[in-house]
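The values are calculated or read from the model by the stated rules, or taken from the named source; none is laboratory data. Fair warning: this is a prediction, and the values are worked out from it, not measured in the lab. Quick reminder, even Gly has a Cβ in these numbers, built from the backbone with ideal geometry, and neighbours come from all protein chains shown.
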Amino acid sequence: MFKKRYFQINHNFKTGLLSELFLIIGLILLAFFIFFVIISTAFNDGSTGFAKQLYDISVSTVPESLLSLSLISLAIGVIMYFFSCQFAKLEKIAEEIENNDEFKEEQ
């Protein structure tokens, strides 16, 4: 048998925090991608030392992987933000129902 679970009105499953976290991670990964794109255009194959290492990384599959992870985490962040907004609306509705005297009299 399943047990009924009752949640508090203001319990939003931490979706606001998760949305901010995923959005920040996505933006950081996007900044790294942009950095590698700028490096690949600024340096060439004839560079030496640290510049050559940065150029080698920027022409590998690392920037494309960063872009894909960035887009995935940004999408998850937007979805979590949507859930957070919906939980806020549900919290408002639940408070209205609790504080409404007409609803209490009908039952």
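Of everything in region 16-26 that's among the hydrophobic types (A, V, I, L, M, F, W, C) and surrounded by fewer than 17 Cβ atoms within 10 Å (Cβ to Cβ), which residue is farthest from Ser73 (Cα to Cα)? Top of the filtered list is Leu17.
Taking each residue of region 53-70 that is over 26 Å from Phe22 (Cβ atoms) and looking for partners that are surrounded by 14 or more Cβ atoms within 10 Å (Cβ to Cβ) with beta-carbon atoms closer than 7 Å, six or more apart or interchain, yields Leu54/Ile39; Leu54/Phe43; Tyr55/Ile39; Tyr55/Ser40; Tyr55/Phe43; Tyr55/Ser47; Val59/Ser40.
Consider Ser47 carefully, then state whether it is hydroxyl-bearing (Ser, Thr, Tyr) and either under 22 Å from Ile25 (Cβ atoms) or out of contact with any Phe, Trp or Tyr (no Cβ under 8 Å at 6 or more places or on another chain) (or both). Judged against the criteria, Ser47 is not a match. All of (1) modelled with pLDDT under 85; (2) touching a Gly at 6+ places or on another chain (Cβ under 8 Å) hold for Ser73 with one exception: (1). Beta carbons closer than 8 Å, at least 6 apart along the sequence or on distinct chains, pair a first residue in region 27-48 that is surrounded by 15 or more Cβ atoms within 10 Å (Cβ to Cβ) with a second that is part of a loop (DSSP other than H, G, I, E, B) for Ser40/Val59.
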